[in-house]
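K.L.:
Below is a structure I'd like to ask you about.
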Amino acid sequence: MTLDDINYPDKPNDLEAFWMPFTANKGYKQKPRLMTRAKGMHYYTPGGQEILDGTAGLWCCNAGHGHEKIVAAIKAQAERMDFAPTFQLGHPAAFEFANRLVDLAPGDLDHVFFTNSGSESADTALKIALGYHYVRGKGSKTRLIGRERGYHGTNFGGTSVGGIVKNRMFYGSLLSGTDHIRHTHDLEHQAFSRGEPEWGAHLADDLERLAALHDPSTIAAVIVEPVAGSTGVLVPPKGYLRRLREICDRHDILLIFDEVITGFGRLGAGFAADYFDVQPDILTTAKALTNATVPMGAVFCSNKIYDAFIENTEQGIELFHGYTYSGHPLASAAGIATLDVYREEGLFERAAELAPYWEDALWSLKGGHHVIDLRNLGIVAGIELEPRPGAPTARATETFHKCFDEGVLIRVTADTIALSPPLIVEKSQIDRIFDTIGSVLKTVA
Ligand SMILES: Cc1ncc(COP(=O)(O)O)c(C=O)c1O
């Protein structure tokens with residue numbers, strides 16, 4: 001098989017049929033930016049321009065692109081067995097991958113439910129939380145709590161506990177019985193904090209407000225991203241997550257960490273739960289789980305949750321939930337190889353070592369054009385721009401386009417630039433990312 005065997009053209013001649021996700025379709029299709037190849041730290045356009053990847057795709061290719069070991073594992077698995085169901089049947093790759101994952105997971109998260117995406121992981125976690133209380137005879141605990149500005153994907157459960165207005169406003173009343181604690185972003189008290197802001201641990205107490213309002217006997221779970229990514233890189237205040245844990249414990253509320261972007265080394269530790277030393281009851285992942293080569297998500301559950309289902313079901317299926325592709329052989333093989341690569345190349349440790357350099361490079365933008373805040377943790381950075389008067393998001397979008405044309409892929413969300421390169425990034429490439437952003441910002445009105 002060579003590149004010539006690929007059965008589609010490098011430049012599609014019609015862009016209309018593909019309704020692109022989270023995309024300004026009209027604008028994009030007038031001036032499309034295409035990528036056709038990827039290797040290591042780079043994408044390549046059809047014309048051969050090299051684009052330095054400052055975002056690991058979409059926070060997902062932590063080991064860089066086209067890793068030979070992962071590609072080889074997918075090829076070998078496709079030849080050996082393309083698909084096998086995991087409903088009342090099984091295949092070794094899924095079991096092996098689950099075993100490897102729970103060895104890596106923090107604390108007693110010893111069981112894994114496989115999904116196909118971060119969105120499915122969020123909805124699966126919420127359903128498991130509801131079922132957990134139900135099988136223990138606490139069926140009144142049905143309320144699901146999210147956080148303002150939270151992002152848990154785009155399915156109905158995740159959208160309902162999510163807190164990004166545009167993601168919610170078109171879709172009616174969503175799930176009933178959800179509520180939201182307030183978000184942690186406060187420029188007045190936190191702007192230009194290096195790492196975790198000192199101010200704001202008390203914001204976790206907002207969960208006490210909801211517990212008092214609804215009564216804890218009606219609340220099943222609270223779900224948060226330890227570091228909120230899609231809403232513009234919000235690093236939790238020091239002590240905030242621990243306080244949330246304590247409140248959950250007090251009221252028999254399950255704590256779910258959505259680690260779809262923080263999992264697998266992004267903060268310089270296996271998971272954010274390790275980094276912050278706070279143990280959730282359920283932890284959701286996707287993206288870097290397979291280095292994004294084959295779509296997959298995984299929901300980690302503590303022993304008490306798994307055991308409650310197993311022990312409280314006399315016979316037959318314990319959890320009426322699953323996907324045709326739960327534990328798909330190609331994804332499982334890709335995931336096993338990905339974990340090997342993370343370990344053999346020491347990528348989580350590498351991220352921890354690089355983090356101070358990354359932070360200093362980010363801080364070179366302090367005082368830069370339009371910059372009203374800088375935020376960072378591990379190999380994540382957020383650069384908040386002053387919105388253009390009367391045209392929110394326009395300044396960031398223009399910056400995104402110009403950086404791409406200059407050969408650097410960044411991501412923007414509202415007026416924040418969010419950066420998360422593969423963990424193989426070199427120091428010279430870090431410099432290039434921030435130098436390009438700095439010089440592009442000078443040209444943006
Ligand atoms: C924290 C978080 N949860 C869930 C998701 C949804 O993942 P997916 O797009 O794979 O459904 C994302 C995607 O960016 C995410 O950042």
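Taken together, the values in this text are just the output of simple stated rules run on the coordinates, not laboratory data. Computed from a predicted structure; not experimentally measured. All Cβ positions, even for glycine, are placed from backbone atoms using ideal geometry, and neighbour counts span all protein chains on display.
K.L.:
Which far-off residues, 5 or more places away or on another chain, put their amide H under 5 Å from the one on Gly297, with H placed in the peptide plane?
P.N.:
Residues meeting the criterion, in which the H sits 1.01 Å from N, are Thr115, Asn116, Ser117.
K.L.:
Using a cut-off of 20 Å between alpha-carbon atoms, which lysines can reach Lys29, once sequence neighbours fewer than 8 places away in the same chain are excluded?
P.N.:
The reachable lysines, counting only those whose Cα sits under 20 Å from Lys29, are Lys11, Lys402.
K.L.:
Using just the C-alpha positions of segment 328-393 as equal point scatterers, what log10 of I(q)/I(0) does the Debye formula give at each q in 0.12, 0.21, 0.27, 0.29 1/Å?
P.N.:
-0.54, -0.85, -1.08, -1.14
K.L.:
Are any of the pairs Lys75/Lys166; Lys31/Lys69; Lys138/Lys238; Lys26/Lys287; Lys127/Lys287 more than 30 Å apart by Cα-Cα distance, and if so, which? Display every interim value, and only then the final one.
P.N.:
Values: Lys75/Lys166 40 Å; Lys31/Lys69 35 Å; Lys138/Lys238 33 Å; Lys26/Lys287 28 Å; Lys127/Lys287 21 Å.
Listed pairs above 30 Å: Lys75/Lys166; Lys31/Lys69; Lys138/Lys238.
K.L.:
Here's another thing I want to ask about it. Mean residue ellipticity at 222 nm from the helices of the chain, using -39,500 (n - 2.57) per DSSP H segment of n ≥ 4 over the full residue count, to the nearest 500 deg cm²/dmol? Before the final figure, lay out each step's value.
P.N.:
Values: 16 runs with 165 residues, N = 445.
The helix contribution divided over the chain gives -11000 deg cm²/dmol.
K.L.:
What is the gain in length, in nm to one decimal, between Ala391 and Ser173 on full extension, counting 0.36 nm per residue of separation less the C-alpha to C-alpha distance?
P.N.:
Working: separation 218, 0.36 × 218 = 78.48 nm, distance 2.84 nm.
That works out to 75.6 nm of additional length.
K.L.:
What is the sum of charges around Ile223, taking Lys and Arg as +1, Asp and Glu as -1, for the other residues whose C-beta is under 10 Å from the C-beta of Ile223?
P.N.:
Net charge in that neighbourhood comes out at -1.
K.L.:
I'd like the FRET efficiency for Thr324 and Asp360, computed as 1/(1 + (r/R0)^6) with the beta carbon distance as r and R0 of 51 Å, rounded to 0.05. Mind showing how you got there, number by number?
P.N.:
Values: r = 47 Å, r/R0 = 0.92.
Given R0 = 51 Å and the Cβ-Cβ separation, E is 0.60.
K.L.:
Still on this structure: Could you tell me the largest-minus-smallest coordinate of the C-alpha atoms of segment 1-106 on each of the three principal axes, in descending order and whole angstroms?
P.N.:
48, 31, 29
K.L.:
Can you tell me how much longer the chain between Asp108 and Arg242 gets when fully stretched, taken as 0.36 nm per residue apart minus their C-alpha distance, in nm with one decimal? Working shown, then result.
P.N.:
Details: separation 134, 0.36 × 134 = 48.24 nm, distance 1.73 nm.
Separation in residues times 0.36 nm, less the Cα-Cα distance, equals 46.5 nm.
K.L.:
Output needed for segment 290-330: three equivalent-ellipsoid semi-axes, defined as square roots of 5 times the C-alpha gyration tensor eigenvalues, in descending order, whole Å.
P.N.:
Details: eigenvalues 137, 35, 7 Å².
Over the Cα atoms of segment 290-330, the semi-axes work out to 26, 13, 6 Å.
K.L.:
Moving on to the next point. Work out Dmax and Rg for segment 225-313 from the C-alpha atoms and quote the Rg first, both in angstrom.
P.N.:
14.0, 43
K.L.:
Still on this structure: Counting other beta carbons within 10 Å of each residue's own, what order do Lys141, Lys442 fall into, fewest first?
P.N.:
Values: Lys141 22, Lys442 9.
Lowest count first: Lys442, Lys141.
K.L.:
Report the normalised scattering of segment 89-178 as log10 I(q)/I(0) at q = 0.18, 0.21 Å⁻¹, calculated by the Debye formula with identical scatterers on the alpha carbons.
P.N.:
Each listed q corresponds, in turn, to -0.92, -1.06.
K.L.:
Below 11 angstrom from the Cβ of Arg343, what's the summed charge of the other residues (Lys, Arg +1; Asp, Glu -1)?
P.N.:
On the way: positive: Arg100; negative: Asp103, Asp340, Glu344, Glu345, Glu349.
Taking every Cβ under 11 Å from that of Arg343, the sum is -4.
K.L.:
For the chain, compute Rh as the Kirkwood radius over C-alpha pairs and then the Stokes-Einstein diffusion coefficient at 37 °C and 0.692 mPa s; write the answer in µm²/s, rounded to an integer.
P.N.:
Values: Rh = 22.6 Å.
Diffusion coefficient, whole number: 145 µm²/s.
K.L.:
Give the share of C-alpha pairs in each 5 angstrom bin for segment 296-445, from 0 to the last occupied bin, in whole percents, shortest bins first.
P.N.:
Once binned at 5 Å, the Cα pair distances of segment 296-445 give 2, 8, 14, 14, 12, 10, 10, 10, 8, 6, 4, 2, 1, 0.
K.L.:
Further question on the same structure: Taking R0 as 60 Å, what's the FRET efficiency between Lys138 and Lys31 from their Cβ-Cβ distance, rounded to 0.05?
P.N.:
Working: r = 55 Å, r/R0 = 0.91.
The value I calculate is 0.65.
K.L.:
With a Cα-only, solvent-free Debye model of segment 181-239, what are the log10 I(q)/I(0) values at q = 0.15, 0.16, 0.19, 0.28 Å⁻¹?
P.N.:
-0.50, -0.56, -0.74, -1.20
K.L.:
Which far-off residues, 5 or more places away or on another chain, put their amide H under 5 Å from the one on Leu385, with H placed in the peptide plane?
P.N.:
Residues meeting the criterion, in which the H sits 1.01 Å from N, are Ile372, Thr416, Ile417.
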